[in-house]
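The values are calculated or read from the model by the stated rules, or taken from the named source; none is laboratory data. Being a predicted model, the structure only gives us computed values, none of them experimental. Backbone-built Cβ (ideal geometry, glycine too); neighbour counts: all protein chains shown.
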Amino acid sequence: MAKWTDDDPSGFHPESLMMTYGFRPEWSEGAASPPIFQTSTFVFPSAAVGARCFEVAYGLAEPLPDEHPDLIYSRINNPNLEMAEDRLALWDGADTAALFSSGMAAITTTLWAHLRPGDVVAASSPVYGGTHHFIETVLPQFGITPVRFDHQATADGIAGSIEDAGGRLGLIYVETPANPTNDLIDLEMCAKLAARFTTTERTVPVAVDNTFLGPLFQKPLEHGADIVVYSATKYLGGHGDLIAGAALGSHEMIDPIRGMRTFTGNMVSPFTAWLLMRSMATLQLRMERQAETARKVADYLRDHPRVKTVNYLGHLQPGDPHHDLYKRQCLGAGGMISFEVDGGKDEAYRFLDSLHLFKLAVSLGSVDSLAEHPCTMTHCEAGAEENAKKGITAALVRMSIGVEHPDDLIADIARALEAM
């Protein structure tokens, strides 16, 4: 039960609880909506209470059942932070959530909390460029060896690579659907693989970046994942006006991450947490509209003579190697599309420069539609050669579909394709 409410969430849907859960109006002068608690520190009612708060916060003692220690300092906890985390956890059916100052802060803190020097981290490919850099360039500087695998890999093949790299698997990191190709990774396979390397001394967690589909269209915790991470900047924020990240899961998995956050100091600010609460109230409405429009846009692109290929989950057909996985693991196709124009980088650039309604910008999941060139923008870190092997070619364009009228978006695309 969340500290700030008496409501039992089990009898309601998440979209209903986004308006009320985690907030007691009588604690805030009867305010109908939570105010922003823009304070750095909090006053203790007594020295003994303050000591108990620190004892629990620093892990010197376990909290008692249903004990909610008083607030200490906004680097550790804050009413807006805790209310937003309580509401976010409902969407994924998680025990708890931790919010961060960015998606990369959530990802890196998760990896720091669960990896140690000498470990192997098995990570899917492709992934977002910032994640790629951290796994491939930063972690090896601390004695952590990356092993990469793609959507075609088998559990035995990945296990062999892990053994070749030293065999001490610390964590499996998955981005599914992959950015920007929409490739799917089998989460149940990853969970079974993690179990093969789990020992009595250490559990190997599976962490999943669910930014593209979740939490509405994919629920990784239901398919064997242990940790779900988000760039909350994207669909969770949804308005292009905040930067945030999140990690969700059981207390066993998230408490070490939250503990690491306390000392790295990369939690989300009270105002950003307040903005996230505002955004989560319309999350389902926005994502359903974006998914509906994306289907229409993807169908138009599939039939256009100036488009070579379209990567869209809703186009997977029976017989495709990932059709059954999509039906088993996903609840919808989402609002992300990537496609190859007829030509190369020059044609892709001309297409992007000719758009008017779409904004030429990175990021995704916002109410406004965005388009970018992954090979030379968000994924340039990996290099053109490696990108091409993963389907991130010079002709590939990524689109994030917003809430504009689908006919207007299609008309904008049609004009840009003709201008190539």
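Collect the residues in the range 195-214 that are surrounded by fewer than 22 Cβ atoms within 10 Å (Cβ to Cβ) and either touching a residue at least 12 places away in the same chain (Cβ under 8 Å) or outside any helix (DSSP H, G or I) (or both), keeping them in residue-number order. Result: ARG196, PHE197, THR198, THR199, THR200, GLU201, ARG202, THR203. What are the pairs, 6+ residues apart or on separate chains, where a residue within the range 79-106 that is part of a loop (DSSP other than H, G, I, E, B) has its Cβ under 6 Å from a residue that is at pLDDT 95 or above and among the β-branched types (Val, Ile, Thr)? Every condition considered, the pairs that remain are SER101/VAL268; SER102/ILE243.
In the range 295-327, what count of residues is obtained for those that are modelled with pLDDT of 95 or more, out of contact with any Phe, Trp or Tyr (no Cβ under 7 Å at 6 or more places or on another chain) and among the small types (Gly, Ala, Ser)? Final tally of qualifying residues: 1. Look through the range 218-235, keep the residues that are in a loop (DSSP other than H, G, I, E, B) and touching a strand residue (DSSP E or B) at 6+ places or on another chain (Cβ under 6 Å), and return whichever of them is surrounded by the most Cβ atoms within 10 Å (Cβ to Cβ). This residue is ALA232. Within the range 255-278, residues that are within 19 Å of GLN38 (Cα to Cα) and at pLDDT 95 or above reach partners that are among the basic types (Lys, Arg) and in a helix (DSSP H, G or I) with beta carbons closer than 7 Å, at six or more positions or on different chains, in the pairs MET267/ARG261; MET277/ARG87.
Check ALA388, ALA361, ALA348, ALA394 and return the single one that is of a type in the set (A, V, I, L, M, F, W, C), closer than 23 Å to GLY130 by Cβ and at pLDDT below 95.
Only one candidate qualifies: ALA388.
Among the residues of the range 222-244, is any among the charged types (D, E, K, R) and modelled with pLDDT under 95? No, the range 222-244 has no match at all.
The set of residues in the range 256-280 being within 18 Å of the chain's Cα centre (by Cα) and assigned to a helix (DSSP H, G or I) consists of ILE257, ARG258, ARG261, THR272, ALA273, LEU275, LEU276, MET277, SER279, MET280. For the range 375-394, a residue qualifies if it is among the small types (Gly, Ala, Ser) and either on the phi > 0 side of the Ramachandran plot or surrounded by fewer than 18 Cβ atoms within 10 Å (Cβ to Cβ) (or both), and the qualifying residues are GLY383, ALA384, ALA388, GLY391.
It is to be established whether one or more residues within the range 360-374 are surrounded by fewer than 16 Cβ atoms within 10 Å (Cβ to Cβ) and assigned to a helix (DSSP H, G or I). Looking for residues that are surrounded by fewer than 16 Cβ atoms within 10 Å (Cβ to Cβ) and assigned to a helix (DSSP H, G or I), one finds none in the range 360-374, hence no.
Pull up the range 176-189, narrow it to residues that are out of contact with any helix residue (DSSP H, G or I) (no Cβ under 8 Å at 6 or more places or on another chain) and among the hydrophobic types (A, V, I, L, M, F, W, C), then point me to the one that is surrounded by the fewest Cβ atoms within 10 Å (Cβ to Cβ). Of everything passing the filter in the range 176-189, ILE185 is surrounded by the fewest Cβ atoms within 10 Å (Cβ to Cβ). Counting the residues of the range 332-351 that are in contact (Cβ under 8 Å) with a residue 60 or more places away in the chain and buried (at least 18 other Cβ atoms within 10 Å of the Cβ) gives 11. Among VAL403, VAL397, which is the only one that is crowded, with 16+ Cβ neighbours inside 10 Å and touching a strand residue (DSSP E or B) at 6+ places or on another chain (Cβ under 7 Å)? Answer to the check: VAL397. The residue list SER74, SER102 contains one member that is hydroxyl-bearing (Ser, Thr, Tyr), within 21 Å of GLY22 (Cβ to Cβ) and crowded, with 16+ Cβ neighbours inside 10 Å, which is SER74.
Of all residues in the range 122-144, those satisfying the criterion of being surrounded by fewer than 17 Cβ atoms within 10 Å (Cβ to Cβ) and among the β-branched types (Val, Ile, Thr) are THR137, VAL138.
Picking from ASP407, ASP342, which residue would you name as being modelled with pLDDT of 95 or more and under 18 Å from ALA294 (Cα atoms)? Talk me through it step by step, then tell me what you get.
Values: ASP342 fails: under 18 Å from ALA294 (Cα atoms).
Just a single option satisfies the conditions, and that option is ASP407.
If you go through the range 316-352 and keep only what is in a loop (DSSP other than H, G, I, E, B) and over 21 Å from VAL403 (Cα atoms), you end up with LEU316, GLN317, PRO318, GLY319, ASP320, PRO321, HIS322, ASP342, GLY343, GLY344. A residue that is within 19 Å of the chain's Cα centre (by Cα) and assigned to a loop (DSSP other than H, G, I, E, B) cannot be found anywhere in the range 384-397. So for the range 140-148 (the condition being of a type in the set (Gly, Ala, Ser) and in contact with a Gly (Cβ under 6 Å, 6 or more places away or on another chain)), does at least one residue qualify? Checking the range 140-148: at least one residue is of a type in the set (Gly, Ala, Ser) and in contact with a Gly (Cβ under 6 Å, 6 or more places away or on another chain).
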